[in-house]
1. How much of the accessible area of segment 1-83, in percent, comes from carbon and sulfur atoms when a 1.4 Å probe is used?
2. Over segment 1-106, average the accessible area per residue using a 1.4 Å probe and give it in Å², no decimals.
3. So if I place +1 on the C-beta of Lys and Arg and -1 on the C-beta of Asp and Glu, and nothing else carries charge, what would the dipole magnitude of segment 29-70 be about its Cα centre? I want it in debye, nearest 20.
4. For ASN307 and ALA82, what does the FRET efficiency come to when R0 = 56 Å and r is the distance between their Cβ atoms, rounded to the nearest 0.05?
5. Between rounded, prolate and oblate, where does segment 38-111 land on the alpha carbon gyration tensor, with a ≥ b ≥ c its root eigenvalues, rounded for a/c under 1.5, else prolate if a/b exceeds b/c?
6. With each label point set 7 Å from Cα along the Cα-Cβ vector, what nm distance links ILE51 and GLN70?
Amino acid sequence: MSFNNFILLSWSSRLKDPNIHDLYKDRVGIMEDGSIYMNNVQLSDSGLYRIITQYISENKPHKLLRFHLQVFEPVSKPSITAKCLRDNITLSCFSSQGSEVTYSWETLPPCGNDSCVHLGQTMEIHPLPPSESTSYVCAAQNPVSRATSDPIDLGVCSTPRPTGRGWVPILCPVSATLCLIGIVIILCKIKKSEDREKAKLSRATLLKDEDQGGPRHVHHVLWDCSVARRVWGLVVSSVSLNRLLPRSSLTSDSVLYGPSGGCKTIELQRQWRIINTIKQVLWETRNIKVYQQQNVDLVTLRRRIQNLLQDGVVVDFRKNERLAKEKWG
């Protein structure tokens with residue numbers, strides 16, 4: 001089984017135990033009925049997997065199975081904030097944890113079976129008379145979890161008017177204090193909003209065309225984005241890698257789809273192995289950036305590529321030393 005063209009598990013009927021990569025020890029295995037399992041899945045495990053079945057003794061064609069694994073972080077209990085204006089009220093909902101979160105607004109019973117009144121993270125409504133006050137809850141959900149906020153009553157935005165002048169000396173200092181508190185709260189919300197927008201902008205830089213989910217997004221991650229350009233530039237400038245992977249073989253089409261004529265020679269097979277290793281590291285970096293909000297420096301990327309290539313060379317020598325020498329020199 002491979003993950004983004006990176007072999008993480010292999011097994012033969014001639015062997016007692018499967019060969020599992022060190023990064024997946026105690027996480028991946030094969031059951032007695034031949035099923036493959038993965039424990040303790042992480043957000044970075046999201047991606048394309050392939051399983052190839054080859055028959056040794058029987059004259060049967062090999063079987064290829066591809067599937068895409070998407071790991072979601074469960075949502076946390078959302079919270080509601082209300083912005084009270086003169087003519088309307090704006091309700092905002094936010095869940096601090098969860099991936100691919102969608103939001104909806106519901107009225108509390110008794111309102112019939114269909115209580116959903118709005119889809120989206122924010123909702124703008126017009127205030128109702130006090131006798132018709134309605135409570136709302138926000139629901140945050142993704143394909144694996146759902147959480148509901150505490151209810152909020154629109155009465156929080158109603159302000160009773162003072163009944164006499166005797167209240168003026170008391171209301172003045174109270175109003176001033178509330179204004180100061182409100183200013184502090186607004187500044188904190190602005191700061192949090194700016195931080196969220198920066199995080200969204202950073203994610204959008206790496207996930208250009210993510211919504212389409214098509215080849216444009218893959219092309220961006222593996223070739224066009226700044227991280228990919230620096231990594232491929234590092235390959236070109238490396239004397240040892242440039243000897244095994246000439247600069248002339250690095251085009252966007254060859255990186256995404258392989259050599260135009262197929263991997264018919266040992267040299268092309270070697271080049272395709274190196275390209276797939278680099279693509280795997282780029283996709284791992286994308287997952288770390290998106291789901292863990294962490295950046296990976298160029299030195300770590302280079303070390304990761306070197307380690308994977310060394311592992312591949314060792315595996316090739318164990319399988320067939322003569323062919324490995326022809327491939328890697």
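1. Details: 2890 of 5810 Å².
Here it works out to 50 percent.
2. Numbers: 7010 Å² over 106 residues.
Averaged over the residues of segment 1-106, the accessible area is 66 Å².
3. Values: 4 positive and 4 negative charges, 51 e Å.
The calculated dipole for segment 29-70 is roughly 240 debye.
4. Numbers: r = 52 Å, r/R0 = 0.93.
With R0 = 56 Å, the Cβ-Cβ based efficiency is 0.60.
5. On the way: a/c = 4.67, a/b = 3.79, b/c = 1.23.
It comes out prolate by the Cα gyration axes.
6. Those two pseudo-labels are separated by 2.1 nm.
The values are calculated or read from the model by the stated rules, or taken from the named source; none is laboratory data. Just so it is clear, the model here is predicted, and its values are computed rather than measured. Glycine gets a Cβ as well: all are built from the backbone with ideal geometry, and neighbour counts include every protein chain shown. Keep in mind that these areas ignore ligands, DNA and RNA; they rest on the heavy atoms of the full protein, side chains included. Shrake-Rupley method; radii C 1.70, N 1.55, O 1.52, S 1.80 Å.
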